[in-house]
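The values are calculated or read from the model by the stated rules, or taken from the named source; none is laboratory data. Quantities reported herein were computed from a predicted structural model and do not represent experimental measurements. A quick note on method: Cβ atoms are made from the backbone with ideal geometry, for glycine too, and the neighbour counts reach across all protein chains shown. Accessible surface areas use protein heavy atoms only, side chains included; no ligands, DNA or RNA. Shrake-Rupley method; radii C 1.70, N 1.55, O 1.52, S 1.80 Å.
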Amino acid sequence: KGQPDKNPSGQARVWDASTGMPVTDWLECEEAVSFATFSPDGRALAVLGNRVVSTMSELVPNVVKVFDLPSGQLRFPPLAHKNSVMHAAFSPDGRYLATATADQTAIIWNAHSGEPVHPPLKHTGLVLLVCFSPDGGWLATGGETEVRVWDVRSGVMVAPALKHGAQVQHLEFSPDGR
């Protein structure tokens, strides 16, 4: 139930998949929408939008907006990033939103206030993916050739970086969180 619809003109809309009826009005994003993800309880939608960030008029997905559902009201001002936002994920309890960015960082945000929880989590290359552990205590970040696992509350890496010979394509914790 509830599927986000992405529109190149800078709008997103949530539809009820079983009835085909809209759940929200069009959610204004001002930018072309590149990705959307629901909070676990379905009461929020994070939308990644593109914005012109260079003199070459290049569109880069560097703005994240979080909308309350079903009202469609913006929860807090847009979360601006220095470079492309590659991915986003809510924690299992919906308290946090993590973003993966091309500026070699991941950021954990308070999903209710839009404030960063601590300084950005640094990588040695692009951060392409983020994934919370089932209990929400850890965040895995996947980049060009490594995965790092962080303590969500402290922002401290909990183990050495896990090196890969190629780009990380998918991240997922096992159901027991290991």
Amide proton proximity set for Ala44, modelled H, under 5 Å, gap of 5+ | Ser39, Leu69
From the backbone phi of segment 160-166, what are the Karplus-calculated ³J(HN,Hα) couplings (6.51 cos²θ - 1.76 cosθ + 1.60, θ = phi - 60°) in whole Hz, Gly and Pro given as x?
-> x, 4, 8, 7, 10, x, 8
With charges only on Cβ, +1 for K and R and -1 for D and E, what is the dipole size of the chain about its Cα centre, in debye, rounded to 20?
-> 220
Cα-based Rg then Dmax for segment 66-153, in Å, read 12.6, 40
Could you give me the ³J(HN,Hα) list for segment 74-80, computed from phi with Karplus coefficients 6.51, -1.76, 1.60 and θ = phi - 60°, whole Hz, x at Gly and Pro?
-> 5, 6, 7, x, x, 8, 8
Using modelled amide H (1.01 Å from N, peptide plane; none on Pro or chain starts), what sits under 5 Å from the amide H of Ser34, excluding residues fewer than 5 places away?
-> Leu48, Gly49, Asn50
Specify whether the C-alpha gyration tensor of segment 32-178 places it in the rounded, prolate or oblate class, a ≥ b ≥ c being the square roots of the eigenvalues: rounded for a/c under 1.5, otherwise prolate if a/b is larger than b/c and oblate if not.
-> oblate
Calc'd 3J(HN,Hα), segment 82-90, phi into Karplus 6.51 cos²θ - 1.76 cosθ + 1.60 (θ = phi - 60°), Hz, glycine/Pro = x, comes to 6, 9, 4, 8, 8, 6, 8, 8, 8
Dividing the mean separation of Cα pairs under 8 Å (6+ apart) by the residue count of segment 61-178 yields a relative contact order in percent of 17
Per residue value of the accessible surface for the chain (all protein chains in place, 1.4 Å probe), Å² = 51
Collect residues whose amide H, placed 1.01 Å from N in the peptide plane, falls under 5 Å from the amide H of Trp109; neighbours closer than 5 in sequence don't count.
-> Leu97, Ala98, Thr99, Val117
